[in-house]
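Structure, as structure tokens:
The values are calculated or read from the model by the stated rules, or taken from the named source; none is laboratory data. Please read these numbers as outputs of a predicted model, since none were measured by experiment. Counting neighbours? That spans all protein chains shown, and the Cβs are built from the backbone with ideal geometry, glycine included.
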Amino acid sequence: MASARERFLDLLRTSVRDATLVKLTLGKHRGTDATLRNLFVRPVTLKAGPHLSFVWRHLTRDIIKNHSPDQALAQIEPLLGRDFLDAHLFTPLQTAQLECNPGGEARLFIKTAAEAPPAVGSHDRTKIRPLPANTGWLQALGVTNDQGRPREGMAAKYRQIQKFVELLGSLAAEAGFDDGRELRIADMGSGKGYLTFATAAYFAPRADVTGIEARGELVELCNAATKASGIRRLSFKTGHINATATGALDVLIALHACDTATDDALAQGISAGASLLVVSPCCQQELRSQLTAPAVLAEALRHGIFQERQTEFVTDALRAQLLEWAGYRTKVFEFVSMEHTAKNLLIAAIKTHAPGDERRARRLREFAQFYGIRTQRLAGHLGCPLT
């Protein structure tokens, strides 16, 4: 059986090869330089291509050097257990810690992402994020610069991307996708592709991800960024949500699809057999003309802003109930805080049971009738009458 040190090195080599390395920290220095405290290693993208940046942290100064991946691995290997007795490896999915003693014995501890602590070293405040800021496609899409920092005006978008990946990872585990199976994923109304790229990066290399977008110029932009970043199994094509066949799917994503386009996307996902549906609705206007205020609410709903919010609530609450009727367990929660975007509601649905339960149908009809709703787009797609 391979030693703890060799297993740690294998994890490190794999993370460098697959571009999943977030950070490597070496500590408990025992070398000849009495001023050296730690070595921090993180990936960077230079004009010459991917490199690893070494920050040698001394008592009163830092020394920074960049090395190609092969050169970096060759330098790191002899340091483990000799100059440094402690090493932490951080990736989006796990944290590995190697503990050595001066006698040559070593122990390896591995924690999954849910257990992994933040990457913090001496005077180092860098947070572990699901996607490294210097990821090539983040730079290609203009989210981060070549130093791996969010560009001006893109900090909120960067936070949104990272939060989405965290949520996607949790939902994927709930849907049973942590078994390594091959996946087919469609992002309907992919726009500029930020979250489509994030999805492809999270599930790489085992997922075919397709972004579908009506605006041809954005499709060209995203395909160019895909090519420039060298991302495999990700493509974008021009099409409308309600008129683009996807074939069989495992995951359907539709973020900020306007008004009934969210219903069209959900119907596509259900028809395609998707086990996981993730949508963020916006501009819920379909039901506003039908909405009949119950007598007790009539006075309040004469105000336009309350009508708008009531319409949003009724629309998305009805969608959640329809998904339950269609065989899914639903979760409705805030995607990102209001300071980042006003479009902050996320509906996630995981297929768990047989569709068509009459008790659920009766309850959602009662809900619709309470608000005077006679027809709704998703209900029509699913063949579920509301009256």
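The selection criterion, being in contact with a Leu (Cβ under 9 Å, 6 or more places away or on another chain) and at negative phi, holds for Ala200. Selection of helices (runs of 4 or more DSSP H) fully inside the range 276-387 by the criterion of at least 2 residues being touching a Leu at 6+ places or on another chain (Cβ under 9 Å) and within 30 Å of Arg184 (Cα to Cα) returns 304-325, 377-382.
Filter the range 210-230 down to the residues that are in contact with a helix residue (DSSP H, G or I) (Cβ under 6 Å, 6 or more places away or on another chain) and surrounded by 17 or more Cβ atoms within 10 Å (Cβ to Cβ) and list them by number. Scanning the range 210-230 gives Gly211, Glu213, Ala225, Ser229. Restricting attention to the range 148-168, the residues that are free of Cβ contacts under 8 Å to residues at least 40 places away in the same chain and out of contact with any strand residue (DSSP E or B) (no Cβ under 8 Å at 6 or more places or on another chain) add up to 7.
If you go through the range 285-305 and keep only what is surrounded by 11 or more Cβ atoms within 10 Å (Cβ to Cβ) and under 29 Å from Lys157 (Cα atoms), you end up with Gln285, Glu286.
Kindly indicate whether Ile253 is at pLDDT 85 or above and within 29 Å of Pro355 (Cβ to Cβ). So Ile253 passes the test.
Reported count of residues in the range 66-92, each being buried (at least 20 other Cβ atoms within 10 Å of the Cβ) and under 26 Å from Ala48 (Cα atoms), is 6. Would you confirm, using the coordinates I've provided, whether Ser280 is among the polar types (S, T, N, Q), closer than 30 Å to Gly180 by Cα, in contact with a strand residue (DSSP E or B) (Cβ under 7 Å, 6 or more places away or on another chain) and crowded, with 18+ Cβ neighbours inside 10 Å? Criteria met by Ser280. Sort out which residues of the range 119-148 are modelled with pLDDT of 85 or more and among the basic types (Lys, Arg), and write them in order of number. Hits for the range 119-148: nothing passes. Candidates Gly211, Gly191: the one that is assigned to a loop (DSSP other than H, G, I, E, B) and either in contact (Cβ under 8 Å) with a residue 60 or more places away in the chain or not charged (D, E, K, R) (or both) is Gly191.
Here is a yes/no grid of residues against (1) surrounded by fewer than 17 Cβ atoms within 10 Å (Cβ to Cβ); (2) at pLDDT below 90:
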| residue | (1), (2) |
| --- | --- |
| Gln321 | no, no |
| Glu334 | yes, yes |
| Met338 | yes, yes |
| Asn344 | yes, yes |
| Ala349 | no, no |
| His353 | yes, no |
| Glu358 | yes, no |
| Leu382 | no, no |
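The residue of the range 154-188 that is modelled with the lowest pLDDT, among those that are over 20 Å from Cys222 (Cβ atoms) and in a loop (DSSP other than H, G, I, E, B), is Gly180. Of all the residues in the range 22-53, those that are under 14 Å from Ala87 (Cα atoms) and of a type in the set (A, V, I, L, M, F, W, C) number 6.
For first residues located in the range 238-252 and part of a loop (DSSP other than H, G, I, E, B), partners that are surrounded by 13 or more Cβ atoms within 10 Å (Cβ to Cβ) and of a type in the set (Lys, Arg) and lie 6+ apart or on another chain with Cβ distances below 7 Å form the pairs Ala248/Arg184; Leu249/Arg184; Asp250/Arg184. Listed by first and then second residue, the pairs linking a residue in the range 311-332 that is free of Cβ contacts under 8 Å to residues at least 24 places away in the same chain to a residue that is assigned to a helix (DSSP H, G or I) and among the small types (Gly, Ala, Ser), with Cβ atoms under 6 Å apart and 6 or more places separating them unless they lie on different chains, are Thr330/Ala320; Val332/Ala320. Within the range 218-237, if we keep just the residues that are at pLDDT below 90 and part of a loop (DSSP other than H, G, I, E, B), the residue that is farthest from Leu138 (Cα to Cα) turns out to be Arg232.
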